[in-house]
There are 2 protein chains.
Amino acid sequence: MANIYLLRHGKVDGPAALYGHTNVTVTPQENQLIVEKLGQYLQDKNIQIEQVISSPLIRCLLLSEQIAADQNIGQIKQDTALKEMNFGRFDGTPFDDVHQDKDIWSQLEKFWQNPVQHSLPEAELLTGFSYRVVQAWQNILSQVNNDQGDILVVSHGGVIRMILAHLLNIDFRNPNWYTQLAIGYASLTHIKLTESGARVKHIGKPLVEDSDRVYLQSGLKADHKESA
Amino acid sequence: MANIYLLRHGKVDGPAALYGHTNVTVTPQENQLIVEKLGQYLQDKNIQIEQVISSPLIRCLLLSEQIAADQNIGQIKQDTALKEMNFGRFDGTPFDDVHQDKDIWSQLEKFWQNPVQHSLPEAELLTGFSYRVVQAWQNILSQVNNDQGDILVVSHGGVIRMILAHLLNIDFRNPNWYTQLAIGYASLTHIKLTESGARVKHIGKPLVEDSDRVYLQSGLKADHKESA
């Protein structure tokens with residue numbers, strides 16, 4: 001039976017912000033480190049990746065291309081439905097630019113605490129985000145060829161969390177699913193397809209350590225993994 | 001802030017069965033391998049374990065003792081509330097002894113598919129199990145001393161899954177939480193205590209590979225990780 005590995009992109013190389021649809025880069029060094037750690041992991045476990053499916057956002061796409069080159073995979077597939085949630089007006093705005101604006105900061109804080117109850121201005125709704133991610137997941141499943149190797153999906157924290165909610169039949173409106181579950185940068189989540197459906201083997205296994213947390217100047221903790 | 005690591009015991013050395021309160025051993029070789037892999041992991045990440053809290057069942061307790069010796073921890077604490085669920089009349093009965101009894105087998109299969117809807121004869125109810133595990137978790141939290149090192153809890157698949165359901169506010173009656181989420185043998189789940197509560201950093205990270213699955217002679221797949 002096939003396996004699907006969900007890899008979150010590496011730590012982003014930009015000011016702390018809520019990065020959704022906004023492009024932000026990951027340093028080539030970070031990407032290279034992830035490629036090496038992933039290569040080691042695949043080798044140790046004798047895993048043959050047959051396909052790479054990627055979010056088209058640059059923090060995923062460049063990594064996907066490097067992985068494909070490293071693993072001798074001819075072509076990667078891009079799926080726009082694997083993009084991170086669109087956070088609307090504040091998407092990509094550095095926290096340092098807004099954290100003194102109590103109104104904006106309060107909106108962001110409420111969103112973090114409960115993204116369904118407190119949607120952001122001009123942002124994608126969580127319901128719509130869930131719908132498109134589940135569609136993306138169905139598309140991935142349709143690519144599975146059990147005679148061939150496994151699939152690597154390179155995507156975002158929100159997307160991986162939404163796929164997991166779908167597989168485990170967890171209500172994606174549950175705030176704790178966002179606030180209390182980390183999907184770290186450069187972490188790997190393993191899903192095995194079995195006769196009784198998709199089985200989650202591990203969640204958020206870090207490939208690269210200590211690359212998942214940034215702190216704001218204000219002292220407030222911003223957790224990129226929640227938002228990018 | 002303190003970290004709590006939940007370690008599931010290793011692959012059991014007994015016939016495939018639903019092991020709950022029944023004692024079953026793990027080979028000394030398997031335990032030794034886990035001790036080594038865990039030691040490596042702790043060293044790589046510079047983690048200092050201050051306390052080991054263990055289920056008193058032998059498949060956890062012997063491992064805990066070996067870890068304590070390896071990590072120079074004076075004494076381990078046992079908590080009976082960290083025992084696996086009591087599966088009642090069929091607890092510890094080898095599947096090979098009953099799989100030809102269609103009635104018993106059907107009860108077991110229904111239980112696997114939906115443990116709330118189909119409780120087993122003389123077994124602990126999932127509600128009561130949840131209650132005692134949450135109590136055990138509260139006891140663990142009360143042991144946390146932020147000035148000191150981290151805590152290792154050695155316990156069972158069902159217990160770890162129940163702690164996670166509690167932390168993530170997931171309905172423990174959700175059958176998919178049991179059927180679709182693996183907590184592999186010798187896997188490590190990392191919980192970081194932060195100001196905003198317990199944050200799950202990774203789930204089911206395997207320390208020892210390929211030790212989590214057994215197959216029945218009948219060809220039916222029995223997954224110890226669901227039951228022990």
Q) Quick one: residue A:183 ticks every box in (1) touching a Gly at 6+ places or on another chain (Cβ under 8 Å); (2) of a type in the set (Val, Ile, Thr); (3) more than 11 Å from chain B (Cβ to nearest Cβ); (4) closer than 23 Å to residue A:80 by Cα bar one, so which box is it? A) (3)
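Based on what the data block shows, is residue A:200 under 30 Å from residue A:43 (Cβ atoms) and either part of a strand (DSSP E or B) or modelled with pLDDT under 95 (or both)?
In short, yes.
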**Q.** Some residue of the stretch A:66-83 being part of a helix (DSSP H, G or I), at pLDDT below 95 and surrounded by fewer than 18 Cβ atoms within 10 Å (Cβ to Cβ)
**A.** no
Q) Residue check: is residue A:209 facing chain B (nearest Cβ under 7 Å), surrounded by fewer than 20 Cβ atoms within 10 Å (Cβ to Cβ), within 26 Å of residue B:185 (Cα to Cα) and not β-branched (Val, Ile, Thr)? A) yes
Q | Among (1) in a helix (DSSP H, G or I); (2) buried (at least 18 other Cβ atoms within 10 Å of the Cβ), the one test that residue A:172 misses | A | (1)
(Q) For the stretch A:93-116, check the following and say yes or no: at least one residue is part of a helix (DSSP H, G or I), surrounded by 14 or more Cβ atoms within 10 Å (Cβ to Cβ) and of a type in the set (S, T, N, Q). (A) yes
Q | Matching residues in the stretch A:175-190 - criterion: being touching a residue at least 60 places away in the same chain (Cβ under 8 Å) and either over 15 Å from the mean Cα position of the chain (by Cα) or not in a strand (DSSP E or B) (or both) | A | A:175, A:178, A:179, A:183, A:184, A:185, A:186
Q.
Looking at the stretch A:142-158 only, could you name the residues that are among the aliphatic types (A, V, I, L, M) and either under 13 Å from the mean Cα position of the chain (by Cα) or modelled with pLDDT under 95 (or both)?
A. A:144, A:152, A:153, A:154
Q: Specify the residue that is farthest from residue B:171 (Cα to Cα); the eligible residues are those in the stretch B:117-137 that are of a type in the set (A, V, I, L, M) and part of a helix (DSSP H, G or I).
A: B:136
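Residue-by-condition table, conditions (1) within 13 Å of the chain's Cα centre (by Cα); (2) modelled with pLDDT under 95:
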position	(1), (2)
A:4	no, no
A:8	yes, no
A:34	no, no
A:50	no, yes
Q | The listed residue being surrounded by 22 or more Cβ atoms within 10 Å (Cβ to Cβ) and either away from every other protein chain (no Cβ under 14 Å) or closer than 29 Å to residue A:188 by Cα (or both), out of B:193, B:141, B:125, B:152 | A | B:152
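Say we look at the stretch B:185-197 and pick out the residues that are of a type in the set (Gly, Ala, Ser) and modelled with pLDDT under 95; which of these is farthest from residue A:203 (Cα to Cα)? Break it down into steps so the answer makes sense when it comes.
As a first pass, look at the stretch B:185-197 and keep what is of a type in the set (Gly, Ala, Ser): B:186-187, B:196-197.
If we keep only those that are modelled with pLDDT under 95 too, we end up with B:196-197.
Working: B:196: 21, B:197: 19 Å.
In this case the residue turns out to be B:196.
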Q: Read through the list (1) at pLDDT 95 or above; (2) in contact with a helix residue (DSSP H, G or I) (Cβ under 6 Å, 6 or more places away or on another chain); (3) within 14 Å of chain A (Cβ to nearest Cβ), then give the number of the only condition that residue B:116 fails.
A: (1)
Q | Failed item in (1) more than 12 Å from every other protein chain (Cβ to nearest Cβ); (2) under 16 Å from residue B:3 (Cβ atoms), with residue B:201 passing the rest | A | (1)
Q | Residues satisfying the stated conditions in the stretch B:1-58, i.e. surrounded by 14 or more Cβ atoms within 10 Å (Cβ to Cβ), assigned to a loop (DSSP other than H, G, I, E, B) and within 14 Å of chain A (Cβ to nearest Cβ) | A | B:47
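The values are calculated or read from the model by the stated rules, or taken from the named source; none is laboratory data. Note that the structure is a prediction, hence the values are computed from the model and not measured. Here Cβ is always computed from backbone atoms with ideal geometry, including for glycine, and neighbour counts include all displayed protein chains.
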